[in-house]
1. Residues of segment 1-45 being hydrophobic (A, V, I, L, M, F, W, C) and in a strand (DSSP E or B), which ones?
2. How many of the residues in segment 1-53 are of a type in the set (A, V, I, L, M), surrounded by 14 or more Cβ atoms within 10 Å (Cβ to Cβ) and touching a residue at least 60 places away in the same chain (Cβ under 8 Å)?
3. Any idea which residue in segment 67-105 is modelled with the lowest pLDDT, counting only those that are within 17 Å of Leu24 (Cβ to Cβ) and either of a type in the set (Ser, Thr, Tyr) or in contact with a helix residue (DSSP H, G or I) (Cβ under 6 Å, 6 or more places away or on another chain) (or both)?
Amino acid sequence: MVTHLPDGRTLFKAFLPHAAQVELIGTFTGWKRKPAAMQRHEMGWWSCALPIPAGEHEFCYLVDSCTYLADYAAHGVHLVPSGQWLSSLRVRSDEPAESLKVVPA
């Protein structure tokens, strides 16, 4: 699930109750170069909030360093030639973005 927050950050939430670790990767993290660690919450929810630059982006969740999962509650999904599903994210230019850093949700 993706939500644009009033402060300009984008909140990412995923329900993965059996995961030991979840990272957010995408065009805005350089994929695996700077993954954003997600925080575990009660009842199996994981989240993180990031300032994302304006534009069209792709992302997915990396679960336990081995499973890539698309977010079907995002702004769309599509299949890439490698056979992996990726999520789409649109950030409008009127939503401010700062330098990429993980901010607790």
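1. Filtering segment 1-45 down to residues hydrophobic (A, V, I, L, M, F, W, C) leaves 1-2, 5, 11-12, 14-16, 19-20, 22, 24-25, 28, 31, 36-38, 43, 45.
Within segment 1-45, Val2, Leu11, Phe12, Ala14, Phe15, Val22, Leu24, Ile25, Ala36, Ala37, Trp45 meet the criteria.
2. Qualifying residue count for the region: 3.
3. Per the criteria, the residue is Ser99.
The values are calculated or read from the model by the stated rules, or taken from the named source; none is laboratory data. Just so it is clear, the model here is predicted, and its values are computed rather than measured. Glycine also receives a Cβ, built like all others from the backbone with ideal geometry; neighbour counts cover every protein chain displayed.
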